Amino acid sequence: QVQLVESGGGLVQAGGSLRLSCAASDGTLDTYAVGWFRQAPGKEREFVAAISLSGDITYVADSAKGRFTISRDNAKNTVYLQMNSLKPGDTAVYYCASRAPPRLYGTNYYYRRAAEYDDWGQGTQVTVSS
């Protein structure tokens, strides 16, 4: 089990940007595929983006495509979610999650469903004002 820590959330006006970070407390994030999810009050947890262990393969949900970018720096044990052109509808608690990729697929594999992930961070609040 790995402990994940998110940071970078806050209050921003519509059209603004934020960069979220996700790190593993034991420095092992470079051995996991990572995903970002969000959950707004009264709504189910929603997939936002995912990145393979290598960082070569990424996927961004349609709701965030063209505005959000997921990346990673394995030397820094960190995965990032760059969020631009933020909208009030992006307001939510954002969570990162991790899981080791299946050996058959090597380092170029990611997961899109919340149920596939093993470990989760505590979340960071993002609030976008209109």
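Please treat every number below as a calculation from the coordinates, not as lab data. For clarity, every value in this text was computed on a predicted model and none was experimentally measured. Glycine gets a Cβ as well: all are built from the backbone with ideal geometry, and neighbour counts include every protein chain shown.
So between ASN77 and LEU11, what do we pick up on full extension, going 0.36 nm a residue minus the alpha carbon distance?
Here the answer is 21.2 nm.
Just going by the charge dipole of the chain, with Lys and Arg at +1 and Asp and Glu at -1 on Cβ, which of TRP120, ALA40, TYR95 is farthest out on the positive end?
ALA40
By how many nm would the segment from ARG67 to ASP119 lengthen if fully extended, with 0.36 nm per residue of separation less the alpha-carbon distance?
16.1 nm is the gain from fully extending ARG67 to ASP119.
Reachable aspartates and glutamates from LYS43, Cα under 19 Å, same-chain residues fewer than 8 places away excluded?
ASP62, ASP90
Residues of the stretch 57-96 with the amide nitrogen closer than 11 Å to a label point 7 Å from the Cα of THR127, along Cα-to-Cβ, please.
92
Residues with amide H under 5 Å of ALA61's amide H, sequence separation 5 or more or different chain, H placed in the peptide plane at 1.01 Å from N; which?
ALA49
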